[in-house]
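To start, the structure under review is shown below, and the notes come after it.
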Amino acid sequence: MKKYINRPLFLAAIVISLVVGLEMPFNTFTYSFVFYLIEHKAVHLVIPSILGIIVVYGVLAGLEYLQSVIVNRNVCQINTRLKDDYVTRTLATVAAENSDYEARNLSFFMNDLKLLEDNYWRQLFTLLGLVVTTVGTLGYALFTNVPIALVFIGFAVVPSLIPRLFSQSIQTKTRVWSAKNETLSGTVKDLFHAALLLKRYQAVTGFSARLHRSVSEMEGANAAMNNRIALANFAAFFTFSSLNYIPIGIGIYLTITGKLSLSGFVAIQYATNIGLNSFRQMLSSWNAFNSTQDIRQKVLALDQPEQSATSAVTPVTFHDLALQTVGFTYDQRPVFDQLNLQFKAGDKVLIRGKSGIGKSTLIRLILRELQPTDGMFLLNGQPYTQQEAYRLFGIVGQSPVIFQDTIKNNVTLGRPAEDAAVATALRQAGLPEFTQETGLNQLISENGHNLSGGQLKRIEIARALFFNRQILLIDEGTASLDPETAQAIHESLLRNPDLTVLEVDHHIPEAVRQLYTASYQLTPNGLTALTD
């Protein structure tokens, strides 16, 4: 977690938290000093003492405000670095089989990282102040009378062991809460995504039971987690309170018998009471600390994203791709077997197949996101890696991936680029209306609602062209479009001599099929060439 810290700012927060922790020891001193003035009838010291105390409290109050400002700045910078890093590193771990990827990671980002802020980072600075308060007040008590102070401190040993009894159960409750949060995030995400659909069918309350169950389970898990922390705090408080009155009784006896001055007893009793109370708060903070252990481990366990996209790589020119006797089995069920295919640069290949036959699976196999059960994939006659595939293949999927951002950023995926390069890609993709500055900077609304389906598809194509992808993989990319728009997109792609296209679809009009250099039918037993 150290890499998320601004060291000078973090050090400043540590120092000021330690200084602010002196407030209660000073309070202890002033309280006992009042009784000292009364005992010794030191009238001449009353006014200067009160004025001095007021000045010191003013300084401490100012430092406490400054501490809040510095701690908040620390939390702001830590959260910014941590959340940026978490999203970047999590994006690099996505895999084809991550079915709950969005809901799970969104829940962690919105909920678990907030818990980390409250129960780890902020608690850290609170703990530092409590350590100084505890040491300062108990140190003052020892300075006043060592034997009596040791009696008070001795009775605090047993309660200090209590948090150990609850740490494991607190972590378990926290894990349950995190899991329920993931489920709720998925439920709410589904409902918001389908809001218009539910309204059109007048079924807004149709999933009320599912929503209520998810909310109830999450809130119940949250209550259970907080109740377990509260139980640990109760056990510590009750034990402290019970054992604290035994040394108080001893102090009262010694004061009555004249073996201990009243101001000395007040100093010891008040100092140890504040010290032990601060110690109890330390244990409470430690309980909160324990609740973030799994979250911290998950953050630390994330893989560092690969830098291949930005590091220097040797450009590869695509010549041909060969699939040799490829077979794939999923969940012990054969998807296809003995699949053979070869195509070269400039070819336009169509693979047809009914729904569920494995067309999208084939795309993922070509991208090396899935590994074949049998057979080989050869690029220019050699096996290739997933990263090599990502540098060659552009993707147009069934549902376009669109960001709530400008046209330009949707094409470049946020990378710096000259307007001319983006405009060229848009023009080649059939979107000349967006090639001027106003078009490039036009904002796309949520889910692309202010653009047509054809325009969204063409943005994906422009994206592949901008990134100089030599092969375009189309996974039923035009299935949701009207026939005229679909044909226009096909013609612009299939008549481009510099582009290699592999498209999988369940139905392509005959007029469009004539534009492909080769057509195949995908079956569980392989590929069958289609003839006119």
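Residues in the stretch 445-457 include none that are of a type in the set (D, E, K, R), at pLDDT 90 or above and over 14 Å from V396 (Cβ atoms). Within the option set V56, V87, V69, being more than 30 Å from L302 (Cα to Cα), in a helix (DSSP H, G or I), under 26 Å from the mean Cα position of the chain (by Cα) and of a type in the set (V, I, T) holds for one residue only, V69.
Taking first residues from the stretch 242-266 that are of a type in the set (G, A, S) and partners that are surrounded by fewer than 12 Cβ atoms within 10 Å (Cβ to Cβ), the Cβ contacts under 9 Å between residues at least 6 apart in sequence or on separate chains come to S263/H40.
Among L116, L150, which is part of a helix (DSSP H, G or I) and without any contact (Cβ under 8 Å) to a residue 24 or more places away in the chain? Only one candidate passes the filter, namely L150.
Restricting attention to the stretch 369-387, the residues that are outside any loop (DSSP other than H, G, I, E, B) and either outside the structural domain of L473 (by TED's automatic domain parsing) or among the hydrophobic types (A, V, I, L, M, F, W, C) (or both) total 4.
In the condition set (1) among the hydrophobic types (A, V, I, L, M, F, W, C); (2) at pLDDT below 90; (3) assigned to a helix (DSSP H, G or I), V215 is compliant with all but (2).
In this structure, is E460 assigned to a helix (DSSP H, G or I), of a type in the set (D, E, K, R), under 21 Å from L367 (Cα atoms) and assigned by TED's automatic domain parsing to the domain that holds P372? Yes; evaluated as a whole, the condition is true for this residue.
Residue by residue, here is whether (1) modelled with pLDDT under 90; (2) outside any helix (DSSP H, G or I) holds:
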| position | (1), (2) |
| --- | --- |
| V401 | yes, yes |
| K408 | no, no |
| P416 | yes, yes |
| A464 | yes, no |
| N468 | yes, yes |
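The values are calculated or read from the model by the stated rules, or taken from the named source; none is laboratory data. Just so you know, these numbers come straight off a predicted model, no measurement behind them. Virtual Cβ from ideal backbone geometry, glycine too; neighbours counted across all protein chains shown.
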